[in-house]
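S.K.: Let me give you the structure first, and then I'll get to my questions.
The values are calculated or read from the model by the stated rules, or taken from the named source; none is laboratory data. Note that this is a predicted model, so its numbers are computed, not measured. Heads up, the Cβs are rebuilt from the backbone with ideal geometry, glycines too, and the neighbour counts pull from every protein chain shown. When the accessible area is computed, the model is the full protein with side chains, heavy atoms only, and any ligands, DNA or RNA have been set aside. Shrake-Rupley method; radii C 1.70, N 1.55, O 1.52, S 1.80 Å.
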Amino acid sequence: MKDYAKHKRPEMLEPFFPNEIFRHIIVSCFFIVIELIAIIVFPLHTNLVIKKPDHIPWFLLPVYKLNKLIHHETLFISLLIFFALLFISWPFLVSRKRHTALPINKEQDTRIHHVRYTKRHGNLWQSPIPFTIVIVVIISVVMLCFINL
Amino acid sequence: MLQKDVIHNKDHTETVHETENENFLKEFIERSITRRLIPKGLSWFGCMGGLSLLAFIIQLGTGIFLMFYFVPSTREALASIQYVSHRVSYGWLIQRIHAIGPHIMIGMVLSHMIRILFKGIYHHPRELHWVSGACLLILTLLMYYTGSLLPAHNDKYSTVHLTFLYAIHIAGIPLAMVLCMGMHFFMIRKTGIYEPL
């Protein structure tokens, strides 16, 4: 198990119990309330026919629209598999040089290592090409949902 | 006398084993829960992964309940769902939770993945966290798709086809999901959530 207390001052840490446990309990209660509200508000279709556009759920809408756009089953399935593989292997496609091994028992070196790690493995907007790809894909998926076919 | 000694030794060994087990359990709980320290200021959005797990557990519970009544046959599938909704006590609630739950579950998984993607937490050494998480998202979508076809009153599907879909929905995909989840949680425990190793 990962030891978070290693190379850290006490003020940088908090107890897992009760802090994190309570955080999860509060969020879980909100989740259950949202689910119960959704049950009351949204209608239930028991006679579902998946091909009917009205009953396509929001998260399968881009896939449905893509199918309508392509009109070729083999090409459509190949594209889906290709995108799924691309999605799964994303970290390997955008990986940069691996960070150096962690120095032992040197707090200062560890801090330098942390800064280097953060620089190399920072947020997505710090790497322009992957960021552009992600934004273009998100916009395309959203636009695909609104295309009238 | 000899028999008494044997019984006494046996009792003593059992007591030692029980004490060892109790100590091991106590130490395990202390190490992983009560005495465990985590980095300060973790985001509330970091709970999305936990909520996805909660949604999965709810789906599993309600799914097991529905399994007792659902008939995987083209003629009786829809009727069995309607029977649960109208005749079984609180069946309507269980069925609605099972029908609405995936929408919220997929919302949670997607928001969790978008957070991971934009924060760049998938980099080395956490590539496999992303792989298992992405597999879980795809499996969740497949789970929804197979589930939505089950009550469909559609003449296109034969009973054999429906039984196959049902088997995938209740056994194949959940098993694959449990395996991926095990891998996901094991790696999170090993490498931590968001820090250099």
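S.K.: Out of A:88, A:129, A:133, which single residue is at pLDDT 55 or above, open to solvent by less than 70 Å² (accessible area, probe 1.4 Å) and of a type in the set (Val, Ile, Thr)?
M.R.: That would be A:88, the only listed residue that is at pLDDT 55 or above, open to solvent by less than 70 Å² (accessible area, probe 1.4 Å) and of a type in the set (Val, Ile, Thr).
S.K.: Still on this model: Residue under question is residue B:106, and the condition is that it be outside any loop (DSSP other than H, G, I, E, B), more than 7 Å from chain A (Cβ to nearest Cβ), open to solvent by less than 20 Å² (accessible area, probe 1.4 Å) and touching a residue at least 24 places away in the same chain (Cβ under 8 Å); does it hold?
M.R.: Considered against the rule, which asks whether it is outside any loop (DSSP other than H, G, I, E, B), more than 7 Å from chain A (Cβ to nearest Cβ), open to solvent by less than 20 Å² (accessible area, probe 1.4 Å) and touching a residue at least 24 places away in the same chain (Cβ under 8 Å), residue B:106 comes out as no.
S.K.: With the requirement that a residue be within 7 Å of chain B (Cβ to nearest Cβ) and open to solvent by 80 Å² or more (accessible area, probe 1.4 Å), what does region A:1-34 give you?
M.R.: Residues satisfying the conditions are A:1, A:17, A:34.
S.K.: Would you be able to say whether some residue in region B:144-158 is touching a Ser or Thr at 6+ places or on another chain (Cβ under 9 Å), part of a helix (DSSP H, G or I) and facing chain A (nearest Cβ under 7 Å)?
M.R.: No, region B:144-158 has no match at all.
S.K.: Checking the conditions here, which among A:31, A:17 is modelled with pLDDT under 90 and part of a helix (DSSP H, G or I)?
M.R.: Criteria check complete, one pass: A:17.
S.K.: If residue B:20 satisfies all but one of (1) under 26 Å from the mean Cα position of the chain (by Cα); (2) away from chain A (no Cβ under 14 Å); (3) of a type in the set (Asp, Glu), what's the number of the condition it fails?
M.R.: Here residue B:20 clears every test but (1).
S.K.: Of the residues A:76, A:83, which is at pLDDT 80 or above, assigned to a helix (DSSP H, G or I), touching a helix residue (DSSP H, G or I) at 6+ places or on another chain (Cβ under 6 Å) and surrounded by 13 or more Cβ atoms within 10 Å (Cβ to Cβ)?
M.R.: The unique qualifying residue is A:76.
S.K.: Ok, one more. Would you please list the contacts, defined by Cβ atoms under 7 Å and residues six or more apart or on different chains, that run from a residue in region A:1-17 that is within 21 Å of residue B:29 (Cα to Cα) to a residue that is hydroxyl-bearing (Ser, Thr, Tyr) and open to solvent by 50 Å² or more (accessible area, probe 1.4 Å)?
M.R.: The qualifying pairs are A:17/B:34.
S.K.: A further question follows. Can you name every residue in region B:28-56 that is within 8 Å of chain A (Cβ to nearest Cβ) and of a type in the set (A, V, I, L, M, F, W, C)?
M.R.: If the condition is that a residue be within 8 Å of chain A (Cβ to nearest Cβ) and of a type in the set (A, V, I, L, M, F, W, C), then B:33, B:37, B:38, B:42, B:44, B:47, B:51, B:54, B:55 are the ones that fit.
S.K.: Shifting gears a bit: Can you report the number of residues in region B:117-136 which are farther than 13 Å from residue A:94 by Cβ, without any contact (Cβ under 8 Å) to a residue 40 or more places away in the chain and either more than 8 Å from every other protein chain (Cβ to nearest Cβ) or not in a helix (DSSP H, G or I) (or both)?
M.R.: Residues flagged as farther than 13 Å from residue A:94 by Cβ, without any contact (Cβ under 8 Å) to a residue 40 or more places away in the chain and either more than 8 Å from every other protein chain (Cβ to nearest Cβ) or not in a helix (DSSP H, G or I) (or both) within region B:117-136 amount to 0.
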